[in-house]
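One structure is given below, encoded as structure tokens.
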Protein chains: 2
Amino acid sequence: MKSKDIEIIEVGPRDGFQSIPQFISTSDKVRIIGNLVNAGISRIETTSVVSERAVPQLADAEAIIMATKAFAGCSSQVLVPNARRGQQALDMGATKLCFVISASETHNFKNVRQSISGSLAEYDALSSIHPDSSTMRVNLATAFDCPYEGSISEKCVSGIVEHLVSTPHQIELAICDTTGRCSPLLVSSLFTFLSSEFGDICSWVFHGHDTYGMGIANCFAAWETGIRKFDASIAGLGGCPFAPGATGNVATEDLAWMFEKMFLNTGIDLDQVLQVAKEVSRIPGSQTGGRVRDALSGQ
Amino acid sequence: MKSKDIEIIEVGPRDGFQSIPQFISTSDKVRIIGNLVNAGISRIETTSVVSERAVPQLADAEAIIMATKAFAGCSSQVLVPNARRGQQALDMGATKLCFVISASETHNFKNVRQSISGSLAEYDALSSIHPDSSTMRVNLATAFDCPYEGSISEKCVSGIVEHLVSTPHQIELAICDTTGRCSPLLVSSLFTFLSSEFGDICSWVFHGHDTYGMGIANCFAAWETGIRKFDASIAGLGGCPFAPGATGNVATEDLAWMFEKMFLNTGIDLDQVLQVAKEVSRIPGSQTGGRVRDALSGQ
């Protein structure tokens, strides 16, 4: 099998599904995740261990964690907002966690009910219980722009990154354009700055939203600075309950299409992933994005 | 008034309207063009002088040409497929023409019923009658990819450009991704090649479609190679009757948004252009694109 040039990390089952009001049955979720794995996606953010009241769609986290362990070739990550939820996720059988912290105080508080320094302490605690055998993943939300505070400075981002990389645990850090208001020039600028400041201490991911149509351009700009890992969401599902106006993530199928047109291997079978995107776009209440699905359906 | 960093050339009234089956009244067209001018757009492809049978939507070309002459601060260009239609357009009062030729033989024949060499002879004839006082504009369609022939080679493009720049008349050359199947890497590659081959002989424009969601990324890649003029279509209207599957051009409001976020001046008032985009999106039969319109409406 040809080695991959690009890793597309599917976040639809967590970042996408959580925005759909009507509960998707656990068996439907598991089937969709299985279809994504079959389409060649080898890393998936499958669920989140959070308050069932805050995010009822993800109340079946334990069942999802158990079921997706069975998928060969699928590395599953589970989002957690603090160390207590992290321990719960590990107890449920998760082997790789994704911790979330925002670069903006206001968004961090609305998202996880913590100050940034409180979240950094949670991260330290989580780091000490996370299995050494797998890299911990961290999402740095609102890294460019916050729905409440506006522009976020590079200094503010680097202050948080400095703390995150100071623990001995290996991390993978996703820099998130939560609002989708970032320009490709800003993506270039922040990744160039972070690479020069922190080099290879982190393994970087770009997580973009397509709310203002900049998603693919922002991914291209990140790729130009050397980023090779990208979050994306099947059918462009997404949004953030605590970021007003934020709509879908970059669509997995559009991103896979771009890299295919750039002759870069993502390991994804575009026809198969399009079938999953069509299935997902029929889920009642789903807000979809992306263009490739419709463009290729019309052919 | 601050000088512009970027020129966005509005092609909706021609490239967009021609795909709408139901006739839009001349007075509605003129009002929309006027609103675009008021929003700060200073160059507009207002209509085309072509067979009324082939493109019934543009049968009112003469009235449009006459009416838009009255708009101060608006440079209007009129698309023509050959020298005879060019003469007709000049007789109707047009002062700036836009000639169209495809880099693919098959598309050129389907679009203008001519071989490429036949179209080049038409261009020579048009060049001799075009007013010296204004730059002639040429659209090089299917410059990257053809719906019938697939990939187009750089050699094929440069052969046509070589002929176009050999006449004494000053031209502005729009390199068109007619199918929208081009990647940002290919945009970079072709513009880098053309600039090294032809330097400043031409004034370059990038004309992109968003059929596969690559429109904004492709514009960003063109900007990185030094391109400062871009075609776009209000509300992402567009398509090509002779390019199956081609949907809208890059949306004017999304492109203006990107450059605004890059702190580059397009001269466009985003709020005003969004009002026009909303009006246009309500035209019966319009197929729209872009994300900024919906994103900002939701706020």
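The values are calculated or read from the model by the stated rules, or taken from the named source; none is laboratory data. Keep in mind it's a predicted model, so treat the numbers as computed, not measured. Cβ sites come from the backbone with ideal geometry, for glycine too, and all protein chains shown count toward neighbours.
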Restricting attention to segment A:76-86, the residues that are in contact with a helix residue (DSSP H, G or I) (Cβ under 7 Å, 6 or more places away or on another chain), of a type outside the set (Val, Ile, Thr) and under 9 Å from A:VAL49 (Cβ atoms) number exactly 3
Of the listed residues (A:ILE20, A:ILE33, A:ILE24, A:ILE9), the one being farther than 20 Å from A:PRO284 by Cα and either among the β-branched types (Val, Ile, Thr) or surrounded by 23 or more Cβ atoms within 10 Å (Cβ to Cβ) (or both) is A:ILE9
Within segment A:131-177, the residues that are among the basic types (Lys, Arg) and either in contact (Cβ under 8 Å) with a residue 40 or more places away in the chain or touching a Pro at 6+ places or on another chain (Cβ under 8 Å) (or both) are A:ARG137
Being within 13 Å of another protein chain (Cβ to nearest Cβ) and modelled with pLDDT under 95 narrows B:ALA243, B:ALA277 down to just B:ALA243
Considering segment A:281-293, residues that are under 23 Å from B:GLN287 (Cβ atoms) and more than 8 Å from chain B (Cβ to nearest Cβ), and then whichever is surrounded by the most Cβ atoms within 10 Å (Cβ to Cβ), we arrive at A:ARG293
For segment B:178-197, pairs from a residue that is farther than 20 Å from B:SER102 by Cβ and within 10 Å of chain A (Cβ to nearest Cβ) to a residue that is buried (at least 22 other Cβ atoms within 10 Å of the Cβ) and among the aromatic types (Phe, Trp, Tyr), with Cβ under 6 Å and 6 or more apart or across chains, are B:PRO184/A:PHE220
Within segment A:200-230, residues farther than 13 Å from A:ALA143 by Cβ, more than 10 Å from chain B (Cβ to nearest Cβ) and either of a type in the set (Lys, Arg) or surrounded by 24 or more Cβ atoms within 10 Å (Cβ to Cβ) (or both) come out as A:ARG228, A:LYS229, A:PHE230
Being exposed (fewer than 15 other Cβ atoms within 10 Å of the Cβ) and within 13 Å of chain B (Cβ to nearest Cβ) narrows A:PHE263, A:PHE259 down to just A:PHE263
I'd like to know if segment A:102-109 contains one or more residues that are modelled with pLDDT of 95 or more, within 14 Å of another protein chain (Cβ to nearest Cβ), surrounded by 15 or more Cβ atoms within 10 Å (Cβ to Cβ) and over 23 Å from A:THR46 (Cα atoms). no
Taking segment A:159-177 and the residues there that are over 13 Å from A:ILE101 (Cα atoms) and outside any strand (DSSP E or B), the one that is nearest to the other protein chains (Cβ to nearest Cβ) would be A:GLU162
Going through (1) of a type in the set (Asp, Glu); (2) touching a Ser or Thr at 6+ places or on another chain (Cβ under 7 Å); (3) farther than 26 Å from B:THR266 by Cα one by one, B:ASP15 fails only at (3)
Item to check | Boolean, A:ASP60 is in contact with a His (Cβ under 9 Å, 6 or more places away or on another chain) and without any contact (Cβ under 8 Å) to a residue 40 or more places away in the chain | outcome: no
Reported set for segment B:55-94 where residues are in a loop (DSSP other than H, G, I, E, B), modelled with pLDDT under 95 and under 19 Å from the mean Cα position of the chain (by Cα) is B:VAL55, B:GLY73, B:CYS74
By residue number, the members of segment A:143-170 that are over 12 Å from A:TYR123 (Cα atoms), of a type outside the set (D, E, K, R) and touching a Cys at 6+ places or on another chain (Cβ under 7 Å) are A:ALA143, A:PHE144, A:ILE152
query = In segment A:28-43, is there at least one residue being assigned to a loop (DSSP other than H, G, I, E, B) and more than 23 Å from A:VAL205 (Cα to Cα)?
reply = no
> Any chance segment A:249-256 includes a residue that's β-branched (Val, Ile, Thr), crowded, with 24+ Cβ neighbours inside 10 Å and farther than 22 Å from B:LEU296 by Cβ?
Replying inline: yes
Within segment A:14-47, residues being touching a residue at least 40 places away in the same chain (Cβ under 8 Å), in contact with a Leu (Cβ under 8 Å, 6 or more places away or on another chain) and within 24 Å of A:ASP91 (Cβ to Cβ) number 5
